[in-house]
1. Enumerate the strands (runs of 3 or more DSSP E) found wholly within the chain, keeping only those where 3 or more residues are of a type in the set (Gly, Ala, Ser) and surrounded by 14 or more Cβ atoms within 10 Å (Cβ to Cβ).
2. Determine which member of the set 80, 51, 65 is small (Gly, Ala, Ser), free of Cβ contacts under 8 Å to residues at least 60 places away in the same chain and in contact with a helix residue (DSSP H, G or I) (Cβ under 9 Å, 6 or more places away or on another chain).
3. Inspect the stretch 11-27 for any residue being in contact with a strand residue (DSSP E or B) (Cβ under 8 Å, 6 or more places away or on another chain), modelled with pLDDT of 95 or more and within 21 Å of residue 114 (Cα to Cα) and give the result as yes or no.
4. In the stretch 25-78, what count of residues is obtained for those that are under 10 Å from residue 12 (Cβ atoms) and aromatic (Phe, Trp, Tyr)?
Amino acid sequence: MAEHLIRQIILSTEDLDASIEFYEKLGYSLKFRDGAHYAQLDGGPVALALATSVDHPLPGKTVVAIKSDDPDQDAKDIEALGGAVVKGPYDDAHERRTVAYDNQGNGLVFYKSLGR
């Protein structure tokens with residue numbers, strides 16, 4: 001099996017500015033923002049990410065983002081263990097990804113930086 005580190009919890013939003021404001025008022029600080037579709041807040045060892053349907057791997061769902069050394073193997077493992085691959089493995093602008101559901105329907109995205 002691939003090595004895995006939980007790095008983010010991704011929440012859905014359709015109003016990124018309002019969501020950032022909400023979480024900043026709860027005490028989270030903005031780490032970075034990618035346009036009007038994605039932002040990451042400092043949540044300590046695990047970041048809190050906010051994404052619109054443009055950048056969210058499973059819009060409308062809460063997704064655990066897991067840094068992996070082999071998203072291709074993760075796709076095989078997920079299916080062998082009774083989960084379902086929704087998309088992938090594939091390359092986006094920055095990462096190799098596999099988007100999946102676990103065997104109970106929880107959203108997961110396994111990713112590895114492409115170093116771009």
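The values are calculated or read from the model by the stated rules, or taken from the named source; none is laboratory data. Everything numeric in this text was worked out from a predicted model, so none of it was measured. Virtual Cβ from ideal backbone geometry, glycine too; neighbours counted across all protein chains shown.
1. Numbers: elements: 4-12, 30-34, 38-41, 47-51, 63-68, 84-91, 95-101, 107-113.
Qualifying strands (runs of 3 or more DSSP E): 47-51.
2. Details: 80 fails: in contact with a helix residue (DSSP H, G or I) (Cβ under 9 Å, 6 or more places away or on another chain); 65 fails: in contact with a helix residue (DSSP H, G or I) (Cβ under 9 Å, 6 or more places away or on another chain).
The unique qualifying residue is 51.
3. Looking for residues that are in contact with a strand residue (DSSP E or B) (Cβ under 8 Å, 6 or more places away or on another chain), modelled with pLDDT of 95 or more and within 21 Å of residue 114 (Cα to Cα), one finds none in the stretch 11-27, hence no.
4. Matching residues across the stretch 25-78 total 0.
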